[in-house]
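As structure tokens, the structure follows; a few thoughts come after it.
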Amino acid sequence: MLVVTLREGIEAFLIVAIAAAYLRKTGRAALLPAVWSGTGAAAVFSLLIGLFLAESVVTPLWEGALASVAAILVISMVIYMLKAAKRLRAEIGERIEAAAQKAGAAAWLGVFAFTVLMITREGTEMAFITAAISKNEGSGAMVAGALAGAALAALLAWAWARYGHRVNLGAFFQATSIFLLLFSAQLLLYAFHEFTEAGLLPIDNARWHVATEDWAEGARAQVVSAALVLAPLAWIAVSSLRAAGRSKS
């Protein structure tokens, strides 16, 4: 939960930080309340989605469907961010500029709508992911991890907004992308496991349900969970060694 919330949170906080900075630099500080209001509305909307999904995870069909949707959202988000990370500031600036050029109330509504849509996109992904894994994780650990991840995301977003030239977001997105892609594979396996429990696939569902039990919810699933953490750390270590080698040469 910490890593997932960190990744989703940094994108959401960066959107807010970049939008606010752009409005200030272009002399449109009067539109800042639209950003704050949009952020609050998106947070409430995302929370409502999360609560609805959490209440809905009661059958193998729902569990499998949510895990599948979460995996698709994560994979698409990883691909988008790896492409957009280098020009994230410019892209958000262009969209805010288009919204802010409108007159009067239309400009406020434009900035508000942009913020709501961008933040809700991240919040919806988080809601699906949380609902998909909530059945297998302790609620206390999930809450603690989510709060820690959100706090770290806010800190990193602030550092990037203030010291952007010193924060290597490329390395951050690469490392967390490895985690999320492995996590997506685990979600898809879990979805397959739940669909076989519901007898929905055109195969020997009982046999495959038993075959994937240990990988989806047993001891082997714990090994996969450990790999989710170790693989990004290994990537960071290798990248650091390579960077150190290049600087020496």
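Checked against (1) of a type outside the set (Gly, Ala, Ser); (2) touching a residue at least 60 places away in the same chain (Cβ under 8 Å); (3) over 17 Å from Ile178 (Cβ atoms), Gln222 passes all but condition (2).
Looking only at helices (runs of 4 or more DSSP H) that fall completely inside the stretch 146-249, which ones have 1 or more residues that are charged (D, E, K, R) and at pLDDT 80 or above? Write out each step before concluding.
On the way: elements: 169-197, 205-217, 219-248.
It comes to 169-197, 205-217.
For the stretch 73-80, state whether one or more residues are farther than 30 Å from Leu200 by Cα, hydroxyl-bearing (Ser, Thr, Tyr) and open to solvent by 40 Å² or more (accessible area, probe 1.4 Å). Yes, the stretch 73-80 contains a residue that is farther than 30 Å from Leu200 by Cα, hydroxyl-bearing (Ser, Thr, Tyr) and open to solvent by 40 Å² or more (accessible area, probe 1.4 Å).
Going through (1) open to solvent by 10 Å² or more (accessible area, probe 1.4 Å); (2) touching a helix residue (DSSP H, G or I) at 6+ places or on another chain (Cβ under 9 Å); (3) charged (D, E, K, R) one by one, Lys83 falls short only on (2). When residues in the stretch 101-115 are screened for being loosely packed, with under 13 Cβ neighbours inside 10 Å and either part of a helix (DSSP H, G or I) or touching a residue at least 40 places away in the same chain (Cβ under 8 Å) (or both), 2 of them pass.
Checked against (1) open to solvent by less than 60 Å² (accessible area, probe 1.4 Å); (2) on the phi > 0 side of the Ramachandran plot, Gly27 meets all criteria but (1). Restricting Ile10, Ile18 to those that are surrounded by 21 or more Cβ atoms within 10 Å (Cβ to Cβ), under 13 Å from Thr115 (Cα atoms), of a type in the set (A, V, I, L, M) and modelled with pLDDT of 75 or more reduces the list to Ile18.
The values are calculated or read from the model by the stated rules, or taken from the named source; none is laboratory data. Predicted model only: the values in this text are computed from it and were never measured. Glycine also receives a Cβ, built like all others from the backbone with ideal geometry; neighbour counts cover every protein chain displayed. Side chains are part of the model used for accessible areas, which takes the heavy atoms of the whole protein and leaves out ligands, DNA and RNA. Shrake-Rupley method; radii C 1.70, N 1.55, O 1.52, S 1.80 Å.
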